[in-house]
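Beneath this line is the structure, given in structure tokens, with notes to follow.
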Amino acid sequence: MSAPPSVPTGNAGSPPPVTADAARASLEALRSEIAKAVVGQDPAVTGLVVALLCRGHVLLEGVPGVAKTLLVRALAASLELDTKRVQFTPDLMPSDVTGSLVYDARTAQFSFQPGPVFTNLLIADEINRTPPKTQSSLLEAMEERTVTVDGTPRSLPDPFLVAATQNPVEYEGTYPLPEAQLDRFLLKLTVPLPTRDDEIDVLTRHADGFDPRDLKAAGVHPVAGPADLEAACNAVAGTTVHPEIAGYVVDICRATRDSPSVSLGVSPRGATALLSTARAWAWLTGRDYVTPDDVKALALPTLRHRIHLRPEAQMEGVTPDSVISAVLAHVPVPR
């Protein structure tokens, strides 16, 4: 009699774990996939991927009509992640973001109705147009990854990223984000106007029938997923940081506090953020260790929103970017 067939045990039916190299290749494919919908915004795409790898949040700043919202939607579609959009207005209430308890007459009980914050990628459109009370409703979600309603904490999905947008113009009727809230954003990415060639490409696509509301018709398909992100995050956490690099990051942040143009420099949280983004960038470029060039590459988007200028410096045309550039030029680079 022949032996009975062996019975598979364990997780034989589950897919094999994603390797770090496969995760990196999947995330590199995001650039070309998002380019099917958004033209010429590679730095912003890279910044969003870095934020996902660091489990941080992003503030997108640009004039109306430069595809800030479309960029995040295309990223979510390329990663097979859920996304929701909230238009922040002066009458928006905190419960409109986090959710609230709703009375059910049939059961005579209250049940929790989740708000749009319960998603993977939340687009907080024009966040500076809503009052501070509603702005602060996002703070717990951004920092703790939970929402507390009626004393009960509720966990948010993983991954979770807030991509908030604001316009650098039309400040009337807005509520500027305070420094403490700005510090909660890992990166501040500027979305510039496209070049002439890129703008011609945008118009050509629309003339050929491109519909920004239908990304599937534009050919945007998932090229990565949560498993790739998890494997990538684990790999980033293993990226080596030598003591000299940590000291370089600290020296840069401390130099911003000593600048005569600055009234409030980069906090220790900002130094931690710069180290995290430099590690993510180093891993994305194929290395398992951080170099000074990695720190320099991410210094502007990581630190620009953490610097508060003196009024007289602003009148003279000084910007946070110019302060950071001067600091990078003068702080000694480790060998």
Return the loop-located trypsin sites (Lys or Arg not before Pro) in the range 262-291 (DSSP other than H, G, I, E, B) with at most 15 other Cβ atoms within 10 Å of their own Cβ; answer none if there are none. Arg287
Round to the nearest 0.05 the FRET efficiency obtained for His242 and Leu101 when R0 = 56 Å and r is the Cβ-Cβ distance. 0.65
Just check the range 1-153 against the gyration tensor rule for me: Cα atoms, a ≥ b ≥ c as the square roots of the eigenvalues, rounded for a/c under 1.5, and otherwise prolate or oblate depending on whether a/b exceeds b/c. oblate
Too long for a 26 Å Cα-Cα cut-off, among Lys84/Lys296; Lys84/Lys216; Lys188/Lys216; Lys133/Lys296; Lys36/Lys188, are Lys84/Lys296; Lys188/Lys216; Lys133/Lys296
For the range 30-120: span of alpha carbons on each principal axis (Å, largest first): 54, 29, 23
So for the range 127-267, what are the equivalent ellipsoid semi-axes in whole Å, largest first, each being the square root of 5 times an eigenvalue of the Cα gyration tensor? 31, 24, 24
What distance in nm lies between label points placed 7 Å from Cα along the C-beta direction at Arg287 and Arg154? 4.4
So, R0 is 41 Å and r is the distance between the beta-carbons of Ala217 and Thr195; what FRET efficiency does that work out to, to 0.05? 0.95
Residue separation times 0.36 nm, minus the C-alpha to C-alpha distance between Glu316 and Glu28: what's the value? 99.6 nm
DSSP loop (so not H, G, I, E, B), at most 14 other Cβ within 10 Å: list which GluC sites (Glu not before Pro) in the range 165-216 pass both filters. Glu170, Glu172
State, as an integer percentage, the relative contact order of the chain based on alpha-carbon contacts under 8 Å between residues 6 or more apart. 21
In whole Hz, what ³J(HN,Hα) sequence does the range 242-255 give by Karplus (6.51, -1.76, 1.60; θ = phi - 60°), x for Gly and Pro? 6, x, 5, 5, 4, x, 5, 4, 5, 4, 5, 5, 5, 5
Check each of the chymotrypsin sites (Phe, Trp or Tyr not before Pro) in the range 256-324 and keep only those in coil by DSSP with at most 11 other C-beta atoms within 10 angstrom; list them in order. none
Report, in deg cm²/dmol and to the nearest 500, the calculated mean residue ellipticity at 222 nm for the chain, where each DSSP H run with n ≥ 4 adds -39500 (n - 2.57) and the sum is divided by the residue count. -13500 deg cm²/dmol
Just to confirm, what accessible area per residue do you get for the range 137-281 at 1.4 Å probe, in whole Å²? 52
Within the chain, what whole-number % of the accessible surface is contributed by carbon and sulfur, with the 1.4 Å probe and all protein chains included in the calculation? 55
Would you compute the Debye intensity of the range 179-331 from its alpha-carbon atoms alone, equal scatterers and no solvent, and pass along log10 I(q)/I(0) at q = 0.12, 0.18, 0.19 Å⁻¹ to two decimals? -0.69, -1.05, -1.09
Near Arg184, within a Cβ-to-Cβ distance under 12 Å, what is the net charge of the other residues, with Lys and Arg +1 and Asp and Glu -1? -2
At q = 0.07, 0.08, 0.12 Å⁻¹, what log₁₀ I(q)/I(0) does the chain have when each alpha carbon counts as one equal point scatterer in the Debye sum? -0.34, -0.43, -0.93
Calculate the FRET efficiency for Phe210 and Asn234 from the Cβ-Cβ distance with a Förster distance of 35 Å, rounded to the nearest 0.05. 0.40
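The values are calculated or read from the model by the stated rules, or taken from the named source; none is laboratory data. In this text, all values refer to a predicted model and were calculated from it rather than measured experimentally. In this analysis, Cβ positions are derived from the backbone assuming ideal geometry, glycine residues included, and neighbour counts consider all displayed protein chains. In case anyone asks, the SASA skips ligands and DNA or RNA and just uses the protein heavy atoms, side chains included. Shrake-Rupley method; radii C 1.70, N 1.55, O 1.52, S 1.80 Å.
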